[in-house]
Structures are given as structure tokens and as C-alpha cells.
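The numbers here are math on the coordinates, done by the rules we state, and not lab data. Just so you know, these numbers come straight off a predicted model, no measurement behind them. Cβ: placed from backbone, ideal geometry, glycine included. Neighbour counts: every protein chain shown.
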Amino acid sequence: MKKLIIIITLLLFILNLNSQEIIDAPFISNISFEVSNAKVLIQWENPSNFDQYLTIYRSNSIIDTNPKIFTSQKIAVLKKQEEKYTDTLESEGSYYYSVIITNKNTNNDYIVLIPYRNYTLKPAVIQKEDFFTIKSLKVSSKNSYIDINWDYEKSSETSTKVLIYRNINPIENDKILQSSIKIATLNIESKSYIDVPLPNITYYYAIFVENEKEKKFISDINISTNPVMIRGEDFTLKNFSIDYFIPLPLLSIKNDPVTGKSFVDPQVMFNPKKIDYTKKTKEIIEDDKLLYKDIYYNYEQELKSKYNLLEANILNNEVIFETEDYKNEYKNAIIYFNNKEYDLALNIFENLTLELIPENLLNRISYYIGLLYYLKGNFYLSYIYLNYSYESFKKEVEPYLNSIYAIIFEKLER
């Protein structure tokens, strides 16, 4: 009896020793992969309480038998219980993988091959990506149009498209690009495009390959550095200040919305204008201010209360408004407006006024331009744009017009 107990005890001891070398599940599970940019991301799940090594094998055929393990390439040994690995490949082809558990003490593999668990049945296919690049961009002015020409390189017989942008500033970075107008989407093989923008305004252009991952802005390669324009009659550049007139009511801003020089409506009034006192009159006023300083102080405080600018509010229906024309440009401008990046928003909106856009969109843009000039303190330009949008947005526009009136009325001769 004692001998039987001793034998059983010895057997249990031996089994316990061997169990330390046994892994509950001697294989990983749920192997999968993703391919991108000539890299293969392999992922899997380790067994519970896993503390061994992993060996990753790669082959040009399925690794589904033990002999195939020995003819496969060992590409990595992982020692930190990882559950993913990225394989970077330098050549095209189809690749299969297997992830095998390796004893960390003996470095022996537990070669148990189970489909979908620790070896892949489908290949990870690495193909040479099609390569397109713009080599040069040439933009020149003609009598009535802008001639845009480009050259390119590509690595295959497939095709792609290019995007052409226009701006009144050099398109030197992403921020300026976002405020630019996309004027055309063409096949890269076209190699030329004719643009007919508004005359007597200087323009710059940029061209990019569609869906390219990283945009580069390279002078005379894909962005133009020399301004171009077409000539036209009776058109004025945006360099004239209109501080000395107020339009009553508003006229057509489509011809030259910034300067007002092309306005032909007979109701343009160059009076009232800013008061320009003589030297003698100024001396009398200053003496009166000293004599009646309490009255002047109270009056100035009252005026200052009128000068408090109203907050900038987006249109009430902006949340539900959708436009098919220039959707991205308009959306970017609204984002800048909401983020209080007012100069960027104004640049986009003013560029849009140079395009042939539908009336309902022009009304909205005019509202925002008027509001932005209001915030900048240019109440004359603000008045023009806000009046243009008045019929469409009376409720929103009226407070700003009243505010402008309160600010400038006291400064005008009557």
C-alpha cells in the first residue's frame, strides 16, 4: 500500500513539473492584417496569462504545414507579449504570415498551425503605388483670358485629376489655399486651362494632384509667383477709400463691391461728409469745452455708450443652410467666422464676390462681409454690404444699421 502511495505521489510530481512547460493554448488566435503604403500591419490575440515569446514568419505561399515553416523567412521575435507587428516591404508581391508561440526558455517553437488563428489564408498584396507629380506651372495673361499650362510626371498608364485654384494673393500655404477659389477639376493629361476672371484684378494660381497625401507649395512648379490680370474698361482696383460718401439707399455692389467707384446709381450722395472745421472754429470749440466741461463730459459719455459695438451674430438659419455652389469655400469661411478668425473669413468672402454666384448666396456673403467690416470699424463699407443684404435679412441687419447710424451721424455735416 505504501509503495502504491509513493508511486502515485511521484507521478503527480512529474506531471506537475511537465505542466510548467505546457501552455494552455499553444497558439495565438484571430490573426488579421491591413496593408498601406507598402507596410503590413499584422494583429492577433494572445492566449490568457500568456508569458512566452512570439515568432513571426513570412512566405510567398500559405504557411499551412510544418515543413513550410522551415522554408519561410523568420522576420521577427517578439518578447513583450505584443499583439501586433508592422512589416515593411521593399518589393511588390503577395505575402502570407504565421505567428508561432516560442518557448522563452528553450527558444523552441510550438508549431501548431490553425487557419484563421495563427496563419493567414489570404495574401497581403503589395503593389507599386501610382505616382503623379506636377513638374511645372506657367500662367500668362492674354487680352481677354488667363492661359494656364502645366507639365507632369506619372509612374503608370492610369490617370488622375488635377485641381486648379485662384486667389488675389499668392497661394503659399494651406491657410491661403483654404480661402482660394477652386476654378476647375481636370484630367492631368489636359495640361492647359483657360480662365476668364473679372478684369483689372491681379490673380495668382495653384495646381494640385487630386487626393495627394501631402501638399507642397513650390514656386513656379505648382504655384504661380507673378501676378496676372486681364484688362477691362471702366473698372477700378480695390485701392480707393470711400470714407467720404454714404450710399442712400444701396446700389449694385456687383461691379466693384469694395471701392464703390463703379456705382452709377443717381442716389449716391457725396454729402453729408465728415466735418472739417476751420482753425478758428476749432479754437472756439476748445474754449467752450473748457467753459462747459461738465456738459461736454456727460455728452461724450453718452456718445461712447452708443459706440459700443454689437456682437457678431451668424444668420439665424445658418445651421440648416446648404449651398451647392462653392460649398467648401463658404463652409470654411463660416468656420473661420465662428472661430473669430475674422481676417481669414473676410478674405474668403471677398474672393467669392468675384465669382458668378447665385443671388441667395451673394446676399448671405454680403451680410457677413458687412458684419466683418463693422467689427473692423470700417462703417462705410459695412453700411454698403449690410444694406445689400437688408431685404433678405431685415431682422438680423437692422440692429447693425442702427448702430452705424448712431456712431457716424454726429460726425457728419447736415
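Greater than 31 Å separation of Cα atoms is the criterion. Which listed pairs, K80/K216; K289/K395; K191/K213, meet it? Exceeds cut-off: K80/K216; K289/K395. List the chymotrypsin sites (Phe, Trp or Tyr not before Pro) within the range 34-119 that DSSP assigns to loop and that have no more than 10 neighbouring Cβ atoms inside 10 Å. Sparse-neighbourhood loop chymotrypsin sites (Phe, Trp or Tyr not before Pro): none present. FRET efficiency for the pair Q73 and E398, taken as 1/(1 + (r/R0)^6) with r the Cβ-Cβ distance and R0 = 60 Å, rounds to 0.20. A straight line joining the Cα centroids of the range 156-231 and the range 353-414 runs 32 Å. In order along the range 334-345, the Karplus-derived 3J(HN,Hα) couplings, from 6.51 cos²θ - 1.76 cosθ + 1.60 at θ = phi - 60°, round to 5, 4, 4, 4, 5, 8, 6, 8, 5, 5, 5, 5 Hz, and Gly and Pro are given as x. Neighbour counting of Cβ atoms within 10 Å sorts the residues S98, S48, fewest neighbours leading, into S48, S98. As a calculated quantity, the FRET efficiency between E286 and Y405 at R0 = 22 Å, using C-beta atoms, amounts to about 0.20.
For the range 115-208, which GluC sites (Glu not before Pro) are both in a DSSP coil and crowded by at most 12 other Cβ atoms within 10 Å? Those that pass, being in a loop and sparsely packed, are E129, E157. As a calculated quantity, the FRET efficiency between Q81 and V112 at R0 = 25 Å, using C-beta atoms, amounts to about 0.85. Of the trypsin sites (Lys or Arg not before Pro) found in the range 310-356, those in coil by DSSP whose Cβ has at most 13 other Cβ atoms within 10 Å are K340.
Remark on I183: its backbone amide H falls under 5 Å from those of I164, Y165, R166, a criterion applied only to residues 5 or more positions apart or on other chains, H modelled at 1.01 Å from N.
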